[in-house]
Amino acid sequence: MTSPPEDVTSCQSRIEGAPDWHSFAKQLKLQAGKLGFCEPRIVPAVEPGRFPEFVQWLENGYAGEMHYLETRREAYRHPNSILEGVSTLLIMAVPYSTTKRGELTPGTGRIARYASGKIDYHDWIHERLKILGNWLQLHAPSAANHQQPLRWRGIVDTAPLLEREFAQIAGLGWIGKNTLLLNRTLGSYFFLATLLTNLPLPCDESFWEDHCGSCTACLDACPTNAFVSPRVLDATRCISYLTIEARGLPSLELRPAISDWLYGCDVCQEVCPWNNKAPSIVEPNFLPQERLTQLPLASLLAMSEAEFRDFFRHTPFWRAKRRGLLRNAAIVAANTKNAQCVPSLLRLLTDQEELVRAASVWALSQMADAEIYAQLQRLKEVEASLIVLEELSRISNLQ
């Protein structure tokens, strides 16, 4: 574990003689709790100690196609890139469903817990951060030594902030071997929300203990061996990355390992002992919705662009777009040998999206009979897309 930045210990000294800030910080945390945020903690705006590790991670190529991380590399060095003049950050947890999963309904795909709620968590959190920021603006005490106008900004996980590092500094938990933040009460099934401000709020005690011990359950259970070492994830092998962030088809090696995961993956969280007793009380909007947890693959593969927009707008699935979700559905259909999906997969051989056509070719090749091979052969004679032709070239019966 890294040691706390020097600025953490100096945070209190910067505000001595201003007891009103302590009272205000307590009120701010109470207000955050009323809005549904858990365990609010305050941390100074400093350069995170793990920034060099983040840079090395990028240079190792572990970010894959998430080029926005490299583009904004320097912005992650200090929160000042998000809010100029920032002094402190209020870090908060937002739990989502820890409901134990039953058996997967035949013909459907498995979905990460965080994505099965009624709305996109970004929308829910941003709305409440705005309310909290407005409360801050209205109730912040005046201070003679605070010369600049009050400023604040609320963020979720789209801004250039090493939020887990700051959450650890704030005492919210520790970064586990699966790279996720772990809290002794909440486990890891929670989002992080941050309110940045130029107010000199009193900071909470840092957390520098590692409670993972000798446990390697998360590392051992990963279906794709995505962990290079404890706390180092090769995202290009992670099922969550492959089903959400990646824009192409996974390598042939990894496709079977995706198994029945249609969107995201929870394996490294499901095996974590700290999640065994995580509280089940959660914001109603994040409770699993049957319409999302019981998505029939055959129906999904038959969705048009308009139907996708109507069904998935304002949900986390929107990020993968129709082409990404249908790619995932095709892979799951192949891995589960879902014969009901064959008619939809055959129709998708003429889809306008080349990624969808390519995924359908591979899926059909895993369940092929003479009739299917004949249709794939006809496609090979007219197909112009290189990625589709590459999939077709791998099918020995078409040589």
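Skip the ligands, DNA and RNA, and give the accessible area per residue of the chain with a 1.4 Å probe, whole Å².
Details: 18020 Å² over 399 residues.
On a per-residue basis, 45 Å².
Taking a virtual spin label 7 Å from the Cα of Leu287 along the C-beta vector, which residues in region 64-101 bring their backbone nitrogen under 13 Å of it?
Inside the label zone: 97-99.
Whole Å is fine, so just give me how far the alpha carbon centre of region 92-123 lies from that of region 254-324.
Value for the Cα centre distance between the two parts: 6 Å.
Expressed in nm to one decimal, what extension gain is obtained for the pair Gln366 and Ala302 from 0.36 nm per residue of sequence separation less their Cα-Cα distance?
On the way: separation 64, 0.36 × 64 = 23.04 nm, distance 1.93 nm.
Taking 0.36 nm per residue and subtracting the Cα distance, the gain is 21.1 nm.
Which longest uninterrupted range of the chain lacks any trypsin sites (Lys or Arg not before Pro) assigned by DSSP to a loop state (not H, G, I, E or B) and surrounded by at most 14 other Cβ atoms within 10 Å? Could you put the intermediate results ahead of the total?
Values: sites that count: Arg72, Lys100, Arg101, Arg184, Arg247, Lys277, Arg313, Lys337, Arg394.
Longest stretch, sites excluded: 102-183.
Suppose R0 equals 25 Å; then what is the FRET efficiency for Lys277 and Glu103 from their Cβ-Cβ distance, rounded to the nearest 0.05? Let's see the in-between values first.
On the way: r = 23 Å, r/R0 = 0.92.
Efficiency, rounded to the nearest 0.05: 0.65.
Distances over 33 Å make up what percent of all Cα-Cα pairs in the chain? Provide the component values of the computation, followed by the final result.
Details: 30642 of 79401 pairs.
I get 39 percent for the Cα pairs in the chain exceeding 33 Å.
Using a Cα-Cα cut-off of under 16 Å, which lysines could be cross-linked to Lys29, ignoring same-chain neighbours fewer than 8 residues away?
Reachable lysines: Lys130.
Do you know the relative contact order of the chain, to the nearest whole percent, from alpha carbon pairs under 8 angstrom that are 6+ apart?
Details: 655 pairs, mean separation 78.7, N = 399.
Reported as a whole number, the value is 20 percent.
Considering only DSSP states other than H, G, I, E and B, which GluC sites (Glu not before Pro) in region 86-163 qualify as loop sites with at most 12 other Cβ atoms within 10 Å?
Working: sites: Glu103, Glu127, Glu163; in loops: Glu103.
Within region 86-163, the qualifying GluC sites (Glu not before Pro) (loop, at most 12 other Cβ atoms within 10 Å) are Glu103.
Would you calculate the volume per residue, in Å³, of the smallest convex hull containing every Cα atom of region 275-399? Kindly include the intermediate steps, with their values, before the conclusion.
Values: hull volume 16.4 nm³, N = 125.
It comes to 131 Å³ per residue, whole-number rounded.
With the contact rule set at Cα under 8 Å and sequence spacing of 6 or more, what percent relative contact order holds for region 272-353?
Details: 25 pairs, mean separation 28.4, N = 82.
Here the relative contact order equals 35 percent.
For region 217-338, would you read off the P(r) tail past 19 Å as a percentage of all alpha carbon pairs? Walk me through the intermediate numbers first.
Working: 3942 of 7381 pairs.
Tail of the P(r) past 19 Å holds 53 percent of the pairs.
So for the chain, taking the charge dipole from beta-carbon charges (+1 Lys/Arg, -1 Asp/Glu), which of Ile91, Ser240, Gly109 sits furthest toward the positive end?
With unit charges placed on the Cβ atoms, the residue in question is Gly109.
Give me the percent of accessible area attributable to carbon and sulfur for region 231-351, probe 1.4 angstrom. Numbers along the way, then the final one.
Numbers: 2840 of 5160 Å².
For region 231-351, the apolar C and S fraction of the accessible surface comes to 55 percent.
Using +1 at the Cβ of each Lys and Arg and -1 at the Cβ of each Asp and Glu in the chain, identify which of Gly36, Leu325, Val228 lies farthest towards the dipole's positive end.
The Cα lying farthest towards the positive end belongs to Gly36.
Could you pull out every one of the lysines with an alpha carbon less than 17 Å from that of Lys277, ignoring same-chain neighbours closer than 8 positions?
Partners found: Lys100.
Roughly how many debye, to the nearest 20, is the charge dipole of the chain about its Cα centre, given +1 on each Lys and Arg Cβ, -1 on each Asp and Glu Cβ, and no other charges?
Working: 40 positive and 44 negative charges, 147 e Å.
In total the dipole reaches around 700 debye.
Which one of Pro79, Gly173, Ala45 has its Cα pushed farthest toward the positive end of the charge dipole of the chain, where Lys and Arg give +1 and Asp and Glu give -1 at the Cβ?
Gly173
Just in region 210-319: which GluC sites (Glu not before Pro) are loop by DSSP and have at most 13 other Cβ atoms within 10 Å?
Filter output for region 210-319: Glu253.
In deg cm²/dmol and to the nearest 500, what is the mean residue ellipticity at 222 nm of the chain if only DSSP H runs of at least 4 residues count, each as -39500 (n - 2.57), divided by the residue total?
Numbers: 16 runs with 141 residues, N = 399.
That calculation yields -10000 deg cm²/dmol at 222 nm.
The values are calculated or read from the model by the stated rules, or taken from the named source; none is laboratory data. Predicted model, so just to flag it, every value in this text is computed and none were measured. Heads up, the Cβs are rebuilt from the backbone with ideal geometry, glycines too, and the neighbour counts pull from every protein chain shown. For accessibility, only protein heavy atoms count, side chains too; no ligands or nucleic acids. Shrake-Rupley method; radii C 1.70, N 1.55, O 1.52, S 1.80 Å.
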